[in-house]
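Beneath this line is the structure, given in structure tokens, with notes to follow.
The values are calculated or read from the model by the stated rules, or taken from the named source; none is laboratory data. Quick caveat: nothing in here was measured; it's all calculated off a predicted structure. Note that we place each Cβ from the backbone using ideal geometry, even for glycine, and neighbour counts take in every protein chain shown. Just the protein is used for accessible areas: all its heavy atoms, side chains included, with ligands, DNA and RNA removed. Shrake-Rupley method; radii C 1.70, N 1.55, O 1.52, S 1.80 Å.
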Amino acid sequence: GAVVSQHPSWVICKSGTSVKIECRSLDFQATTMFWYRQFPKQSLMLMATSNEGSKATYEQGVEKDKFLINHASLTLSTLTVTSAHPEDSSFYICSLIPHNNEQFFGPGTRLTVL
Amino acid sequence: GENVEQHPSTLSVQEGDSAVIKCTYSDSASNYFPWYKQELGKGPQLIIDIRSNVGEKKDQRIAVTLNKTAKHFSLHITETQPEDSAVYFCAASKNSGYALNFGKGTSLLVTP
């Protein structure tokens, strides 16, 4: 399988600030990474598909200007939550597909907006 | 788009018993069906998967079955142990590179 890391593992911020979450592929070069959001006791919902060297593809209902995605290299994708509000508090998880459809997830980042 | 239904939402079994979780999907083009285990505060971990050209797959105490005609697939855990307690998600996707559509999850509790 693939090893995926996320940083930070948790973050608390004030309303109105921006938060950057990093997703790194430690042993595989990923042209595509995915960002999911998971609210407490709910399933994972796809937010966007991050493509190396090009613009991300956002799911319906996800604001691209609020959730900025940068996939500048084959091993790093970042998600920046801009002007965060309490309703953005969630568990953010990235994933990638090394081969054969098998998708591996990072450990997640817990965001709490006060 | 794809719609994945998962049942039950909660399941409690005694240690040593079997646990079965069932999922249905709507898009006949889906051909990849993974199962994930998620422990509290962690990312999902792939535990087993099956592709549409296979009807059953087994890995030690875990097995998955797929009925393409009926568009449903199931996870079977035998000889359950307390450390099997977690939330289990089924998912479906189409061709390589596509994101996953997840079921709503099943919270499994294995009591000693």
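Sort B:His72, A:His71 by heavy-atom solvent-accessible area, probe 1.4 angstrom, most to least.
The ranking, largest first, comes out as B:His72, A:His71.
How compact and how long is the stretch B:1-58, expressed as Rg and Dmax of its alpha-carbon atoms in Å?
Rg, Dmax (Cα atoms, Å): 13.4, 38.
Per residue, what accessible area does chain A have, given a 1.4 Å probe and all protein chains present, in Å²?
Per residue, chain A has an accessible area of 50 Å².
Under 13 Å from the Cβ of A:Thr75, count the other residues' Cβ atoms, weight Lys and Arg +1, Asp and Glu -1, and hand me the total.
-2
Cysteines without a disulfide-compatible partner in the protein assembly as shown, using Cβ under 4.7 Å as the rule?
A:Cys13
Can you send over the carbon and sulfur percentage of the accessible area for the protein assembly as shown, probe radius 1.4 Å, protein chains only?
Within the protein assembly as shown, the accessible surface is 49 percent carbon and sulfur.
State the Cα centre-to-centre distance between the stretch B:47-110 and the stretch A:91-114 in whole Å.
Taking the Cα centre of the stretch A:91-114 as reference, the centre of the stretch B:47-110 is 19 Å away.
Give the accessible surface of the stretch B:14-112 per residue, rounded to a whole number of Å², with probe radius 1.4 Å and ligands, DNA and RNA excluded.
49
Quick one: how many Å² of A:Thr31 are accessible to a 1.4 Å probe, rounded to 10?
90
Using the Cα centre of the protein assembly as shown as origin and beta-carbon charges of +1 (Lys, Arg) and -1 (Asp, Glu), tell me which of B:Ile62, A:Pro107, B:Leu108 is placed farthest towards the positive end of the dipole.
Result: A:Pro107, furthest along the dipole toward the positive end.
Counting protein heavy atoms only and a 1.4 angstrom probe, how many square angstrom of accessible surface do chains B and A bury in total, to the nearest 100?
1400
Could you name the lysines whose alpha carbon sits less than 30 Å from that of B:Lys58, not counting residues in the same chain fewer than 8 places away?
Within the straight-line limit of under 30 Å, B:Lys58 reaches these lysines: A:Lys41, B:Lys22, B:Lys37, B:Lys42, B:Lys68, B:Lys71, B:Lys94, B:Lys104.
Below 15 angstrom from the Cβ of B:Pro8, what's the summed charge of the other residues (Lys, Arg +1; Asp, Glu -1)?
After counting each charged neighbour, the total is +1.
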